[in-house]
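Take a look at the structure set out below.
The values are calculated or read from the model by the stated rules, or taken from the named source; none is laboratory data. All values derive from a computational prediction rather than experimental measurement. FYI the Cβ positions are ideal-geometry reconstructions off the backbone, even for glycines, and counts take in every protein chain you see.
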Amino acid sequence: MRCFLYLMTVLSLGLSGGLVADADDASDIKHVVPSDSAMMHADFERIASGQSIPSSSKFEDKSLTLMLLALKVKDDEKAKTEFRFLTDGYPKPSALASELFHERRTGKRGILLRPVTFIQSDRITDFTCDVKADKATGTVSFNVPNLYQGKVKYVARKLDTNWFITEFIMPAHGIHLIRSDDGLWKEKS
């Protein structure tokens with residue numbers, strides 16, 4: 001687990017330009033939500049090149065983004081507060097793809113791929129955080145106008161000076177994801 005967390009720290013430093021060492025815990029946790037909720041680029045490409053979205057059981061890493069892509073959206077009010085599309089029916093795949101997959105140009109030829117996620121940092125509308133020693137719990141609300149909105153519970157852990165999301169929870173949709181020791185997301189049994 002330490003090896004994975006070290007690797008995630010290195011990756012997040014490379015992708016985000018570095019973590020702020022003296023920032024408060026809540027800010028650090030909010031900063032890692034997009035990357036920790038993201039799906040692997042290879043899984044995104046697999047879905048994008050297919051005729052339909054495969055069942056989440058067909059993927060080894062059950063990230064929050066993958067689970068939301070494969071979600072059969074429920075129509076009850078509690079489920080709608082956790083996640084819902086703001087379109088009539090399922091949104092156009094092109095609209096979802098352009099929101100989930102952002103890239104950042106770093107010059108004439110350089111492209112830095114950002115996390116493929118439903119929770120881009122500029123789409124976070126509310127963030128709560130209750131820190132007790134090296135564990136934190138809270139919620140993240142996110143909204144993409146005219147496309148989707150949601151609110152997810154999380155659990156985060158601190159290793160050395162870095163925070164990592166270890167659980168994402170949306171009970172009304174039956175989603176409870178836990179990061180395993182190998183760094184992949186698994187459904188809680």
* **Condition check for ALA79: more than 25 Å from SER49 (Cβ to Cβ), surrounded by 17 or more Cβ atoms within 10 Å (Cβ to Cβ) and out of contact with any strand residue (DSSP E or B) (no Cβ under 6 Å at 6 or more places or on another chain)** => yes
* Asked: Which of the residues that make up region 121-143 are more than 18 Å from ILE169 (Cβ to Cβ), in contact with a Phe, Trp or Tyr (Cβ under 7 Å, 6 or more places away or on another chain) and not hydroxyl-bearing (Ser, Thr, Tyr)?
  -> ARG123
* Asked: Which condition breaks for SER55 when tested against (1) surrounded by 11 or more Cβ atoms within 10 Å (Cβ to Cβ); (2) over 17 Å from the mean Cα position of the chain (by Cα); (3) over 20 Å from VAL152 (Cβ atoms)?
  -> (1)
* Asked: Which residues, taken from region 57-73, are in contact (Cβ under 8 Å) with a residue 40 or more places away in the chain and among the small types (Gly, Ala, Ser)?
  -> SER63
* Would a scan of region 15-27 turn up a residue that is modelled with pLDDT of 75 or more, surrounded by 14 or more Cβ atoms within 10 Å (Cβ to Cβ), in a helix (DSSP H, G or I) and among the acidic types (Asp, Glu)? -> yes
* Identify all residues within region 57-84 that are farther than 18 Å from ILE165 by Cβ and of a type in the set (Gly, Ala, Ser); write none if there are none. => SER57, ALA70, ALA79
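So which residues in region 74-97 are touching a residue at least 60 places away in the same chain (Cβ under 8 Å), outside any helix (DSSP H, G or I) and out of contact with any Pro (no Cβ under 6 Å at 6 or more places or on another chain)?
Listed by number, the residues that qualify are LYS74, ASP76, PHE83, ARG84, LEU86, THR87.
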* State whether one or more residues within region 175-184 are in contact with a Leu (Cβ under 8 Å, 6 or more places away or on another chain) and buried (at least 17 other Cβ atoms within 10 Å of the Cβ). => yes
* Could you please tell me which pairs satisfy a Cβ distance under 7 Å, a separation of 6+ or placement on different chains, a first residue in region 170-189 that is without any contact (Cβ under 8 Å) to a residue 40 or more places away in the chain and of a type in the set (Asp, Glu), and a second residue that is surrounded by 14 or more Cβ atoms within 10 Å (Cβ to Cβ) and part of a loop (DSSP other than H, G, I, E, B)? => none
